[in-house]
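The values are calculated or read from the model by the stated rules, or taken from the named source; none is laboratory data. Everything quoted here is computed from the prediction, not taken from an experiment. Don't worry about glycine lacking a Cβ; one is built from the backbone with ideal geometry, like all the others, and counts go over all protein chains shown. Note: areas computed on protein heavy atoms with side chains; ligands, DNA, RNA excluded. Shrake-Rupley method; radii C 1.70, N 1.55, O 1.52, S 1.80 Å.
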Amino acid sequence: MVSATADRPKAAERIQHAAKELFYRQGIRATGVEEVCRVAEATKMSLYRTYPSKDALVAAILEDDAAHWDRWFDSVTGAAPDAAGKLRAMVGAIADKLQDPDYRGCPMLLAQAEFPDPEHPTHRLVASKKRRMREAMVGLVREAGIADPEMVADTLAMLFDGAWATLPYLGGRRAAEVLQAAAGCALRDVMA
């Protein structure tokens, strides 16, 4: 017979999961490692055995967030027959995310906002991941045959980030409506 503890995730997994949830809900700086350990039912020794510092824990979570974005993007655009369809699917899926009451916005941008120093490792990591995402979007817009793909991709990025930033005062439904209308203007050649 297998014991109940055999099915329990390892301390490192529990720590990363708890930290990810707490950092997203409360903020990185507002969340101490003691609270992470308490929620994860783990010791500080377990935390520091896997993550030598809080910055290392944050980096692991951001790497996971970037990988999650890639998987999410593939899942929402995978059925689209072409680049234009992928762009439409991405806008629609982000509009749907905005209407989730638990959605606070892009976890990478939330993290970067807490570390405005461009030399801080968290700031640099987010900037690197966001540049990679930007390049992918530029490629998708170019593949869709839209003129000035860099301007259109940057416009979409600003629309997405702006929609996340307006959630607290516009609410999810309105932020989604505005995003879809504005993206429709930016992608007028392919949104029809």
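Annotations for the structure displayed:
- In a fully extended conformation the segment linking Ala147 and Met45 would gain 31.3 nm over its present Cα-Cα distance, using 0.36 nm per residue.
- Between 0 and 90°, nearest 10: helix 11-26 axis offset from the chain longest Cα axis: 50
- Accessible area of the chain belonging to carbon and sulfur atoms, whole % at 1.4 Å probe: 56
- Shape call, segment 79-149: gyration tensor on alpha carbons, a/c limit 1.5: oblate
- Mean accessible surface per residue for the chain, computed with a 1.4 Å probe while every protein chain stays in place, in Å²: 56
- Computed from Cα positions, the angle between helix 172-186 and the longest principal axis of the chain comes to roughly 40 degrees.
- Net charge contributed by nearby residues that have their C-beta within less than 12 Å of Val138 (K/R +1, D/E -1): -1
- Contour excess over end-to-end distance, with Cα ends at Arg173 and Cys185 and 0.36 nm allotted per residue: 2.4 nm
- Shape call, segment 113-177: gyration tensor on alpha carbons, a/c limit 1.5: oblate
- Surrounding net charge for Val126, when Lys and Arg each add one and Asp and Glu each subtract one, Cβ distance under 14 Å: -2
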